[in-house]
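J.: Below is a structure I'd like to ask you about.
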Amino acid sequence: MYARWSTFGFGMGLVLAPLLLGYQDVTAILQDVAIGLLICIATLAALEWPPARFGIALPAAWLVWSGRGSADPAAAVAELVAGTALLALAAFPSARLLPRVGEARERAGARA
């Protein structure tokens, strides 16, 4: 669950990055806002349907790829950091899919 909300935070960070970092390139502004909104929507979908978290990896990979060649240095840093973090967060499963530690111990105790 924490990974999904962190992903949502990175999406909102991308939406706000042009304002906070003062991008000079219009295409970088449009790209970060659009991909940030896409990531936020995909994250909300992943809260209800956990396999949707893998769909976040595609825009994250795009951010890493486009950040490497960005003309605006502030946009390049923001895209590389967000893309790398989102790729890592996509690997974490949803917390409600993992068994609780107490429940696992109870099952093990019931079997013995």
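J.: Which ³J(HN,Hα) values in Hz, rounded to whole numbers, follow from the phi angles of region 24-37 under the Karplus curve 6.51 cos²θ - 1.76 cosθ + 1.60, where θ = phi - 60° and Gly and Pro get x?
T.: 9, 9, 5, 5, 5, 5, 5, 5, 5, 5, 5, 6, x, 5
J.: Something else: Using Cβ contacts closer than 10 Å as the measure, can you line up 70, 6 from fewest to most?
T.: On the way: 70 21, 6 16.
Listed from fewest to most nearby Cβ atoms, that is 6, 70.
J.: Peptides 45-51, 72-78: what's the order by average Cβ count within 10 Å, highest mean first? Intermediate values should be presented prior to the final figure.
T.: On the way: 45-51: 13.7, 72-78: 18.7.
With the highest mean Cβ count within 10 Å placed first, the list reads 72-78, 45-51.
The numbers here are math on the coordinates, done by the rules we state, and not lab data. As the structure is a computational prediction, the values presented were derived from the model and not from experiment. Note that we place each Cβ from the backbone using ideal geometry, even for glycine, and neighbour counts take in every protein chain shown.
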